Amino acid sequence: MTEKIIELDNISVTFKQKNQTIEAVKNVSLDINRGDIYGIVGYSGAGKSTLVRVINLLQKPTSGKAKINGDLFYENTDGHEKVIETNKLRKKRRKIGMIFQHFNLLNEQTVVQNVEFALKHSSLKEKEIASKALDLLKLVGLEDRANAYPSQLSGGQQQRVAIARALANDPEILISDEGTSALDPKNTIQILDLLKRLNNELGLTVVLITHEMEAVKRIADRVAVMENGEIIETGNLLDIFTNAKHKLTREFVGTESASSKALATLKAAKLVQLDDDQECIQLTYIGSSVSESLIVKLYKDFDVIANIIYGNIEILQGTPVGALFVIVKGSVENRKKAIKFLKEQDIIVTKVEEGEVFNG
Amino acid sequence: MAELFAKYFPNVVYQGWNGDGGWLPAIGQTLYMTFWSAIFGGILGLVFGIGLVLTDSDGILPNRGTFSFFDKVVSFFRAIPFIILLAFIAPVTQKIVGTQIGTTAALVPLSLGVFPFYARQVQVALASVDHGIIEAAQSLGATFSDIVFDVYLREARSELIRVTTVTLISLIGLTAMAGAIGAGGLGNMAIAYGYNRFANDTTFVATLLVLIFVLLVQLIGDFLARVLNHKNI
């Protein structure tokens, strides 16, 4: 039984500047289930950050309805604005942790003071606050740097302090606004794995905004793709990666996949030339593995020779996803039959346009 | 040594340590004026500076009316040349202090003269605090006073000390003019007892003492600003 923890309904955010109005978010509806890691991807300026700021009301929407963890934060569906009371919002915000691209730690306070700052209004006694702050630093593996100042830490360490701080009040939601975008690949992976661990161990719902598909691929369960203030596609990670409907989504997935990089290499090297009886296709298969026998079968049953030019496999949400780039050779009729057969085996077949790889 | 000094600085020695026109009262008056007007002007400046940042359109309490009030008051007092301000607010000084002349009376124009300058400096210092840090504090459920004291004032403290140093030095400059309303001090010593009586040695020593005072303020300010900065080490 899944329970919605974040319900955004027809949210619009409009900024008024001198003579123009900018619609940063347009009628976006988004439900996020408790315990999910939800990735929101899109290029910068797509409205991702504005949208997630509605979740803790750092950004007040212009219209729509936002219900977070059962509490109505904002409602304006009929011209009458209903906003949660400030004092109440403050308490609720403590249950929604947030981390940022540039960490945003208090520079003039030590690591442990940064965490204690988050606990300032908790019901704990001073001693308990100190020990809880240390426990949180242990959780992120930084207890030995408790008395350092943020500027003495690396970017990855600073982000871990920010995570410890965001978790101080035992939140149920953690929002990461480009939380790994300023980090190097090694630190990025560490932070993502930490988020995944927190998701597993604490049942934390994670909202991950990023323009890096790699981050989403590593830990997200579900993905939403944003463009120009609108969500253009949502789905679970596997669907988005293997069966994207929207061009931008494919572009996003594409730019990040090893396959497309390989294609680019092939194209640059001009290694492959296609004859009239040849075409290049991409086979994507999920879960099961394509065995050599398929290739043999294509030859035996359809008189089609398949030449593998590139193949790779990725693990998404624990499921292997394979991609094969194959040049098939045979008569038009036979190739059609072969492709039909492949599709029947639950393999996604995409024709690779000549321009993408060849004659480049 | 003392004889040699008396030979080259006869007027300095003539002024004497104590009594009317003595060096000790002059030094004391300058310190007194600087200290108290720094306290009053400083508090006013801080209040206005913080007010400007908080009520600005991207502040945490955006309010066009209040912002414009703070802004206008600061601009108004900054526009008045200090020597004119001394005379201009004399009636107000009379109401507050009971007299228009003397060292204590000078505190009113000095405080009013220095606060707009300080307010602008504080505004710039606080505006240098990264908006992201304020957003992060808000996301943690920080209260209004948390954000003012733990975020704005604490994050900008090194910057605040730097602008306070600059303001103190310019305030020392203002106290030199307060001699015009009979406030005494080293500035008055340099003009009334030095320049006006062709006693260049007196002017020289008075200037030297002001310089030493400014230098001390600068050194202490720089030291504190450095020690309290943990942003970029």
| Output for region B:207-233, where each listed residue is among the β-branched types (Val, Ile, Thr) and surrounded by 14 or more Cβ atoms within 10 Å (Cβ to Cβ) | B:Thr207, B:Val210, B:Val214, B:Val217
| remark: When restricted to B:Ser145, B:Ser128, the only residue out of contact with any Leu (no Cβ under 7 Å at 6 or more places or on another chain), surrounded by fewer than 17 Cβ atoms within 10 Å (Cβ to Cβ) and over 27 Å from A:Ser49 (Cβ atoms) is B:Ser145
| note | Wholly inside region A:87-179, helices (runs of 4 or more DSSP H) that include 2 or more residues that are at the interface with chain B (Cβ under 8 Å from one of its Cβ atoms) and touching a strand residue (DSSP E or B) at 6+ places or on another chain (Cβ under 8 Å) are A:155-166
| message | Of the residues B:Ile161, B:Ile172, B:Ile134, only one is crowded, with 19+ Cβ neighbours inside 10 Å, within 14 Å of chain A (Cβ to nearest Cβ), under 17 Å from the mean Cα position of the chain (by Cα) and at pLDDT 95 or above; which? | response | B:Ile161
| Looking at (1) in contact with a Leu (Cβ under 8 Å, 6 or more places away or on another chain); (2) within 17 Å of B:Met177 (Cβ to Cβ), can you tell me which one B:Arg78 breaks? | (1)
| remark: Within region A:320-338, restricting to residues that are assigned to a helix (DSSP H, G or I) and in contact (Cβ under 8 Å) with a residue 40 or more places away in the chain, the one that is farthest from A:Asp276 (Cα to Cα) is A:Ala338
| field | helices (runs of 4 or more DSSP H) enclosed by region B:1-100 - at least 2 residues per element that are of a type in the set (Lys, Arg) | value | B:64-79
| query | For B:Asn229, all conditions in the list (1) modelled with pLDDT of 95 or more; (2) within 14 Å of chain A (Cβ to nearest Cβ) hold save one; what is the number of the exception? | reply | (1)
| request: Return only the number of the condition from (1) at the interface with chain A (Cβ under 9 Å from one of its Cβ atoms); (2) crowded, with 22+ Cβ neighbours inside 10 Å; (3) among the hydroxyl-bearing types (Ser, Thr, Tyr) that B:Thr93 does not satisfy. | output: (1)
| note | Checked pairs for region A:163-186, first surrounded by 24 or more Cβ atoms within 10 Å (Cβ to Cβ), second polar (S, T, N, Q), C-beta under 6 Å and 6 or more apart or across chains, list as A:Arg165/A:Asn114; A:Asp177/A:Ser49; A:Thr180/A:Thr188
| field | Failed condition for A:Asn10, given (1) in a strand (DSSP E or B); (2) in contact (Cβ under 8 Å) with a residue 60 or more places away in the chain; (3) surrounded by 16 or more Cβ atoms within 10 Å (Cβ to Cβ) | value | (3)
| request: Taking only region B:1-33 into account, find how many residues are surrounded by fewer than 14 Cβ atoms within 10 Å (Cβ to Cβ), of a type in the set (Gly, Ala, Ser) and within 31 Å of the chain's Cα centre (by Cα). | output: 2
| said: So, A:Ser151, is that one closer than 18 Å to B:Arg154 by Cα, assigned by TED's automatic domain parsing to the domain that holds A:Leu204 and either over 25 Å from the mean Cα position of the chain (by Cα) or in contact (Cβ under 8 Å) with a residue 24 or more places away in the chain (or both) or not? | reply: yes
| said: Restricting to region A:42-67, name every residue that is among the β-branched types (Val, Ile, Thr) and either touching a helix residue (DSSP H, G or I) at 6+ places or on another chain (Cβ under 6 Å) or crowded, with 20+ Cβ neighbours inside 10 Å (or both). | reply: A:Thr50, A:Val52, A:Val54, A:Ile55
| Can you name the residue in region B:74-92 that is touching a helix residue (DSSP H, G or I) at 6+ places or on another chain (Cβ under 7 Å) and under 11 Å from B:Pro116 (Cα atoms) and, of all such residues, is modelled with the highest pLDDT? | B:Val74
| Restricting the search to region A:294-311, which residues are hydrophobic (A, V, I, L, M, F, W, C) and either more than 11 Å from A:Leu283 (Cβ to Cβ) or surrounded by 15 or more Cβ atoms within 10 Å (Cβ to Cβ) (or both)? | A:Leu294, A:Ile295, A:Val296, A:Leu298, A:Phe302, A:Val304, A:Ile305, A:Ala306, A:Ile309
| said: Condition first: modelled with pLDDT under 90 and in a loop (DSSP other than H, G, I, E, B). Now tell me which residues in region A:223-269 satisfy that. | reply: A:Asn243, A:Ala244, A:Lys245, A:His246, A:Ser257
| task | Determine if region A:50-67 includes at least one residue that is in contact (Cβ under 8 Å) with a residue 60 or more places away in the chain, assigned to a loop (DSSP other than H, G, I, E, B) and either away from chain B (no Cβ under 14 Å) or among the charged types (D, E, K, R) (or both). | result | no
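The values are calculated or read from the model by the stated rules, or taken from the named source; none is laboratory data. What you are looking at is a predicted structure, and each value in this text was computed from that prediction instead of being measured. Neighbour counts run over all protein chains shown; Cβ positions are idealised from the backbone, glycine included.
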